[in-house]
Every structure is written in C-alpha cells, then in structure tokens.
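Novice: First the structure, then my questions, so here it is.
The values are calculated or read from the model by the stated rules, or taken from the named source; none is laboratory data. The shown structure was predicted, so the numbers you read here are calculated from the model rather than taken from an experiment. Positions of Cβ are backbone-derived with ideal geometry, glycine not excepted, and every protein chain shown enters the neighbour counts.
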Amino acid sequence: MVPGIKDILMILPEIVVAVAACVLLMVEFLCRKNDRAIIGVFALLTAATAACISIYLMTTDYMGGVAFAGMFILDGYSTMFKLIFYLATILSIVLSFYYTREEGIRGGEYYTLMLFSLCGMMVMASGRDLLTIYIGLELMSLPVYVLTGFLEKDKRSVEGAMKYVILGGFSSGILLYGISIVYGITGSTELTAIAKAFGEADGLTPVLGLAIVGLICGFGFKVAAVPFHAWTPDVYEGAPTPVTAFMSVGPKAAAFAVFLRVFTEGLVPVYEHWQFVVAVVAVATMFYGNIVAIVQTNIKRMLAYSSIGHAGYALLGLLPA
C-alpha cells in the first residue's frame, strides 16, 4: 500500500515530532556547551507546533477520516488526548530546563527521548488497529525506560529503570499474546472487524477468555492498575522529577486512551464477559492506591500510590462507556 497525500497530512503532527526528535540530536553537536539551552527551546517549539497542526486539522475535512487502510483515525477523541499529551510534554520540558542544567544531563538525548515518547502516545491515541496501538505503545514506553534511569549515579534511578524494563517487557509480551489470540479468533487486528467477528461468536470460549485477560493485563500494567502496579512507586521515586511528572500524565493518559478505545469499540459485543473483571480491578485499584498512599513518607512514592488510586476511578468510567 502506497500512502497518499491524505494519509501524510493526517499524520503530519506525528511526522513533525518524529523528524524533530531526530534533528535534535544533531542540533546538540552543533551547539556550543553554553548555548545548549536552545535544545530545550527547540523541543518546546516542536511540541507547540504539533499542537497547532492538530488544532488546525480539527477544522478540515480530514476530521473523522481514516488513513492507512483504516489503521489510523483522526477524530475528536484522539485529538482531545493529543492535546493532553502536548500539554504534559510542554510542561515537562519547561520543568526540565533548570533540572538538566543542575544535574548535568545531556539535553539532546533527554529531549529526543521525550519527543519520541510523545510521538508514541500520539500514535496510540489515533490507533484503530491493535498492531498500530502496540507499535505506538512500544514507541512510547522504550524512551521512558531510558529516561527513568537517566540519573546513572543514583542507585534508586537505576533500580527503578531495571524494574520498569523487566516488568514492562513482561507485560508487553502478555499484551502481544492477547493480540495474537484475538487475531487467531477473528482473522483481523482492526477494531471494527474484531467487533463484528465477536458479535457473531457463540458466547464465551476459553480462548476468547484468555485473549480478554491478556489485553486487560497488558493495558492494566500501563495504567498502573492493581495487581499490575508494582513498578510504579520505585519508578516514580527513582526517575528525574520532570520525568516523574511526565509519566504521571502523558503515558498514563495514552494507556487510558487505548484501553477505552479497544474495549468500547472492539470488545463491545463481549461486554458482559469483561465488565466484571474490570470492575473488580477498578475497585481494588481505588482502595489499595489511596490507603497505601496515606502511610507514605516519601512525596514521590505518595504521589505514585495516589496515581494508582486515580487509575481506579478512571477505570470505573470504562464500565458505562
């Protein structure tokens, strides 16, 4: 399939962010050490430019359309989440100006990883196909793994990054296994086709149940839902402070974006089979996160457990959706 001009224009914000992330590394080598503040400004302008393009696309005929044979969609839902991603990234970059200078962090690598993670979140929000969503999820996650361990002299940062990588890789494997089972059952990874195939299915089968569990486990890890939350406190505590702020908003919002789209578009016909599981996970997440947050003495760990509790509230919203 050869992409047309429509396809290119619909993913223009993603292209801008991805290209700018690559250029950013070269810009660092061209700048003198005293002029490296321009790198952060360049990253900030990139996110702002992508936001302006997304807002402009809302006023065009491309709104509500699909690209790349239905694998990518541009609608109000995805644009709303993208604006959240832009805001989270811009604020995190602003917080990073002083932090990177004081900690001696190389801005080119740091901001490049942040922009690549932003690009992954954008792909996730517009993904209409499980493979597109998975690619976006990995593009979002891999840079965050590195950003978490950026303070290589801090034992907590390295430990948090190691836990994040190991548990993140494990959860990605479970998610991919769930996606492969869905493909085996339906013969497609496109959400509309999956919903149609499940609508014609004869009730819950063990294989279908395994697929649903795989998807819940994979997405549950990304939103830090109980019992997939173990990585959150150590990662939030060890990561650089601006990265902690970034992770608590951007990647988590992206995970909720795909969680909601997959389960309310692709798995609607089997709603009665997964609603109870999600409800139990949501209630457990709310209670555990808020109760454990009360006894924390470290502010970052307290915020981590608080964010776990908030994830439970958000998951409850998935049930009537």
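Novice: State all residues of the stretch 1-30 that are touching a residue at least 60 places away in the same chain (Cβ under 8 Å), buried (at least 16 other Cβ atoms within 10 Å of the Cβ) and over 18 Å from the mean Cα position of the chain (by Cα); if no residue qualifies, say none.
Specialist: 7, 10, 20, 24, 27, 28 - these are the residues of the stretch 1-30 that are touching a residue at least 60 places away in the same chain (Cβ under 8 Å), buried (at least 16 other Cβ atoms within 10 Å of the Cβ) and over 18 Å from the mean Cα position of the chain (by Cα).
Novice: Any idea which of 48, 69 is among the small types (Gly, Ala, Ser) and surrounded by 13 or more Cβ atoms within 10 Å (Cβ to Cβ)?
Specialist: The conditions single out 48.
Novice: Assuming residue 61 fulfils every condition listed in (1) in contact (Cβ under 8 Å) with a residue 40 or more places away in the chain; (2) of a type in the set (Asp, Glu); (3) surrounded by fewer than 21 Cβ atoms within 10 Å (Cβ to Cβ) apart from one, which condition is it?
Specialist: (1)
Novice: Here's a follow-up. Restricting to the stretch 123-159, count the residues that are closer than 23 Å to residue 186 by Cα and acidic (Asp, Glu).
Specialist: So the answer is 1.
Novice: Could you check residue 213 against (1) in contact (Cβ under 8 Å) with a residue 24 or more places away in the chain; (2) in a loop (DSSP other than H, G, I, E, B); (3) not aromatic (Phe, Trp, Tyr) and say which number it fails?
Specialist: (2)
Novice: Determine which member of the set 257, 304, 311, 224 is crowded, with 23+ Cβ neighbours inside 10 Å and in contact with a Pro (Cβ under 9 Å, 6 or more places away or on another chain).
Specialist: 304
Novice: Here is a follow-up. Could we say that residue 240 is of a type outside the set (A, V, I, L, M, F, W, C), touching a residue at least 24 places away in the same chain (Cβ under 8 Å) and assigned by TED's automatic domain parsing to the domain that holds residue 302 here?
Specialist: Yes, satisfied.
Novice: Against the condition surrounded by fewer than 17 Cβ atoms within 10 Å (Cβ to Cβ) and among the polar types (S, T, N, Q), how does residue 172 come out, does it pass?
Specialist: No: the conditions fail for residue 172.
Novice: Could I ask something else about it? Across the stretch 181-195, what is the total count of residues that are surrounded by 14 or more Cβ atoms within 10 Å (Cβ to Cβ) and free of Cβ contacts under 8 Å to residues at least 24 places away in the same chain?
Specialist: Total satisfying the criteria: 3.
Novice: Additional query: So, in the stretch 197-210, of the ones that are touching a residue at least 60 places away in the same chain (Cβ under 8 Å) and part of a helix (DSSP H, G or I), which residue ends up farthest from the chain's Cα centre (by Cα)?
Specialist: The residue in question is 199.
Novice: Among the numbered criteria (1) part of a helix (DSSP H, G or I); (2) surrounded by fewer than 24 Cβ atoms within 10 Å (Cβ to Cβ); (3) within 19 Å of the chain's Cα centre (by Cα); (4) small (Gly, Ala, Ser), which one does residue 230 miss?
Specialist: Result: residue 230 fails condition (1) only.
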